[in-house]
Amino acid sequence: MKRAGCLLLSFIAVAPAATVAFSVLSPGGESEGSSARPSASASARSPESDESAAERRADDKMIASLPPGLAAPAKKELAQQLVASAENSTLDWRSAYAYIEDIGDGQGYTAGIIGFCSGTHDLLTLVERYTKSHPDNGLARYLPALREVDGTDSHEGLDPGFPAAWKKEATRQAFRDAQDGERDRAYFDPAVRLAKLDGLGTLGQFIYYDAMVFHGPGTGPTGFYGLREATIKEADTPSQGGKEASYLDIFLDLRRKAMRTKKAGIDTSRVDTAQRQFLYDGNLALRTPLTWQVYGETYRVR
């Protein structure tokens, strides 16, 4: 039996019910578990392929009919500020383009506006994509080393020059644009899309986005898609007829546990005194002004 959630509120879902159909993307951008794309000479497409494409078109049409939510320019800017308060202890998220350090979390170097990591494939993907369009960039020579250390916390082949090269490259607008683009492709767009399909409003869309950034787009028990699936086992999404606030409360419960599973004693204030506070305040539209706390620091956006 799905639990109703501990939040004793009765908000109305802000989006209509929808049939959810989506692909889980690997960090490299390919659909996990999907077969290779047929060649141009293929005589016919499979019924499964046609059905999947039809479902996606239906989803696209439904999403296009909804308010922009977190994708509205002002709300997207707010989302980056909220994430930056937790990732970089600042509201000036653009100041993090040049950020790079090993924070000792077992994921190698953490860098850039959402913490691309040398050990979790997304930093490698960013540099590979950037190098395709800007082959003369100062990070390209580190690609062999990045491929070798991917999935580990090793700095082999990266020290001592990689941090300085990253900071120098971050002075170029092209690399800043590349960071923005990879953030959107791998994290923001998939999270907001799926939140809308689940019937979630602007706050719920942000909760999905921040979880995608922190936990990564994995299907395991501590990955974003795994957390969503675990939540659906306990509560219906608004698209399934469930209460939005109750569903999000349970998602945050499971996310908090997953954070502590990854690292015992971790500070969970990005959930406790930010996102959950917005939820308990009934601010499902993520209206400003906002006040929240992360790591004991208070932030305000008017």
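Counting only helices (runs of 4 or more DSSP H) wholly contained in segment 97-187, the ones carrying 1 or more residues that are without any contact (Cβ under 8 Å) to a residue 12 or more places away in the chain and under 22 Å from the mean Cα position of the chain (by Cα) occupy 173-183. Out of everything in segment 77-93 that is touching a residue at least 24 places away in the same chain (Cβ under 8 Å) and not polar (S, T, N, Q), what residue ends up being surrounded by the fewest Cβ atoms within 10 Å (Cβ to Cβ)? This residue is Leu91. I'd like to check something: does segment 234-249 contain any residue that is without any contact (Cβ under 8 Å) to a residue 24 or more places away in the chain, part of a helix (DSSP H, G or I) and farther than 20 Å from Gln81 by Cα? No; the residues of segment 234-249 include none that is without any contact (Cβ under 8 Å) to a residue 24 or more places away in the chain, part of a helix (DSSP H, G or I) and farther than 20 Å from Gln81 by Cα.
Note on segment 203-235: residues that are among the small types (Gly, Ala, Ser) and closer than 15 Å to Lys257 by Cα total 5. Considering only residues that are at pLDDT 90 or above, surrounded by 12 or more Cβ atoms within 10 Å (Cβ to Cβ) and of a type outside the set (D, E, K, R), which ones fall in segment 21-76? Listed by number, the residues that qualify are Ala58, Met62, Ile63, Leu66, Pro67, Pro68, Gly69, Leu70, Ala71, Ala72. Every condition in (1) surrounded by 15 or more Cβ atoms within 10 Å (Cβ to Cβ); (2) within 13 Å of Ala86 (Cβ to Cβ); (3) β-branched (Val, Ile, Thr) is met by Ile266 except one, and the failing one is (1).
Going by the conditions given, is Thr202 crowded, with 23+ Cβ neighbours inside 10 Å and β-branched (Val, Ile, Thr)? Before the answer, list the steps.
On the way: crowded, with 23+ Cβ neighbours inside 10 Å: yes; β-branched (Val, Ile, Thr): yes.
When the stated conditions are applied, Thr202 passes them.
Looking across segment 262-287, the residues that are more than 19 Å from the chain's Cα centre (by Cα) and of a type in the set (S, T, N, Q) come down to Thr273, Gln277, Asn283.
When you look at Leu227, is it surrounded by 23 or more Cβ atoms within 10 Å (Cβ to Cβ), closer than 24 Å to Gly69 by Cα and out of contact with any helix residue (DSSP H, G or I) (no Cβ under 6 Å at 6 or more places or on another chain), yes or no? In short, no. Under the condition of being under 24 Å from Phe214 (Cβ atoms), of a type in the set (Gly, Ala, Ser) and crowded, with 16+ Cβ neighbours inside 10 Å, the residues counted in segment 116-153 number 2. If you go through segment 162-199 and keep only what is of a type in the set (A, V, I, L, M) and within 28 Å of Ala285 (Cβ to Cβ), you end up with Ala186, Ala191, Val192, Leu194, Ala195, Leu197.
Give segment 250-268 a look and list any residue that's part of a loop (DSSP other than H, G, I, E, B) and either not basic (Lys, Arg) or not assigned by TED's automatic domain parsing to the domain that holds Thr222 (or both), or say none.
Selection gives Ala264, Gly265, Ile266, Asp267, Thr268.
Total residues in segment 269-294 satisfying the condition of being assigned to a strand (DSSP E or B), among the β-branched types (Val, Ile, Thr) and buried (at least 17 other Cβ atoms within 10 Å of the Cβ): the figure is 1.
Screening Thr219 against (1) surrounded by fewer than 19 Cβ atoms within 10 Å (Cβ to Cβ); (2) of a type in the set (Ser, Thr, Tyr); (3) over 24 Å from Asp184 (Cβ atoms) leaves a single unmet condition, (3). Among the criteria (1) part of a helix (DSSP H, G or I); (2) farther than 21 Å from Met259 by Cβ; (3) of a type outside the set (Ser, Thr, Tyr); (4) in contact with a helix residue (DSSP H, G or I) (Cβ under 6 Å, 6 or more places away or on another chain), the one Ala74 does not fulfil is (4).
The values are calculated or read from the model by the stated rules, or taken from the named source; none is laboratory data. Model, not experiment: these values are computed from the prediction. Reconstructed Cβ throughout: ideal geometry from the backbone, glycine too, with neighbour counts over all protein chains shown.
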